[in-house]
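Structure, as structure tokens:
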Amino acid sequence: MNTLGYTLGARASYTEPLGKNFFMELAYQYRYRFNKSDKEAYNFNSLTNTYNLKDSVYSNYFENTFINQTVEANLRKTGEKYNYVVGFNVQPSTTRSIGSNRDLSRSVVNFAPMAMFEYAFSETQELEMRYRGNTRQPSINQLQPVPDNSNPLYIPLGNPDLLPEFEHSLRIEYSDTKKEKFRTLNAGFNATYTMDKIVNKRWYDDSGVQYTMPVNEQGAYNVNANFMYNTPIAKSKISIMNFTRAGVNKGVSFSGRTEATLLKNYTTSLSVNDMLRLMYRGTKLQLSIGGRVGYNYAWYTVQQTKKPATWNNSVSGYINWTLPAGINLTSDAEYNFYIGYGEGYNTPAIVWNAEISKLMFKNTGTLRLKIFDILNQSKSVWRTTTDNYIEDVQNNILQQYFMLSFTWRFGTFGDNRGSRGGDHGPGPGRGPGMGGMRFH
């Protein structure tokens, strides 16, 4: 199969002052995309012992042209504490498909307001809100109306009648940082709603071959929110940090044994995660203890089997102790336990790491030995929820190993008082630095 594709685009804008810190903005954007696919399939010719008999079913020449234009008109105001942009855009799009003895041309016009608002309550406290609409065109493979038999058990079919997707997106962010109190608060909200969402129909024939075909459907959306708060307790060296994230996702799919029995199915999944940590930061000693809770659940409008909600939970601790003579001890441990997974997936695990390091050569070198997963129990478990199935997955990951490294610093930046503080941290993700050597 030979394919060719290219994209062209251009944008122009004009700004006209309407008053003090008040402007009108006009913009025009043009996008052109062309895709061509020439697929030729041949059957075996017993007379010549070659594949030179063209198969008219699986051969196809197909062209697709997509033109999207965006016309924007916005009003922008800049104030001492606030900025805002209010406007709208018109997005006419045209798709023309040629192939399979068909010449189809479709036009869609999407209207979307656009808005942005920023407000600074103070130098460290601000609110930002943004909304925008966006269109996405289908790919050439999704449009080409010819079966792809490269895998005889899985045959995708194109749909030349597909319309472009149009997505509405809203984002809200708030932040408040008190530097003198070392307190930080961040909150965010994101939401998207997709019109003419492209989803796949799936069905099987009598021999068990799976077929798929993309179609446009309505009702898909995604909503997420997060909240983070970090603050010291009174005037002590103890601080507390909490991070919460929650999300709801709704997708559209089709379930059924044959194409004639397909039923539309809406899948809604809910996830909630919270992490709480208490930290002590002293001159020679740093400690932390915390926990994490993760909840996931999904339900279907067409539901044949029920799966319970799953919980991914953990309790963890960390210590970093600086001793005399440039010696530093670090250790972290995390107890992970699971609820609601399939048989054999709910076994808890403890991941314990430990490290000892020694400053050498007038603090210009560091010799470090670290042991990862001392109890040899590390694993990764999660649940995948799609529009058509639920799958519990456990990965075999790298477990216990030792790492010996030596780091040499050729220069110093700021106050060189050893490797205390940011040079150490929990978890196996931190690398050994320059000149690292690993022994198993």
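Readers should treat all values here as calculations from the given coordinates under stated rules, not as data from a laboratory. Computed from a predicted model, the values in this text were never measured in an experiment. Cβ: placed from backbone, ideal geometry, glycine included. Neighbour counts: every protein chain shown.
Under a point spin-label approximation (7 Å from Cα along Cα-to-Cβ), what is the Lys358-Lys250 distance to one decimal in nm?
Using points 7 Å along Cα→Cβ, the separation is 6.4 nm.
What is the spin-label model distance, in nm, from Lys20 to Ser236 if the labels are put 7 Å beyond Cα along the C-beta direction?
Taking the simple label geometry, Lys20 and Ser236 are separated by 5.2 nm.
Once the Cβ-Cβ distance between Ala115 and Leu278 is put in as r, and R0 is 60 Å, what FRET efficiency do you end up with, to the nearest 0.05?
E between Ala115 and Leu278, to the nearest 0.05, is 0.90.
Could you tell me the calculated FRET efficiency between Ala260 and Asn43, based on Cβ-Cβ distance and R0 = 22 angstrom, to the nearest 0.05?
Calculated value: 0.15.
Taking only the C-alpha atoms, wrap a convex hull around the range 160-256 and report its volume per residue in Å³ as a whole number.
138 Å³
Expected output is a single nm value to one decimal: the length gained when fully extending between Tyr229 and Arg96, i.e. 0.36 nm times separation in residues minus the C-alpha distance. What is it?
The Tyr229-Arg96 span can extend by a further 42.7 nm.
Can you give me the distance in nm between label points at Ile327 and Ala27, each placed 7 Å from the Cα along the Cα-to-Cβ direction?
The answer from the label model is 6.2 nm.
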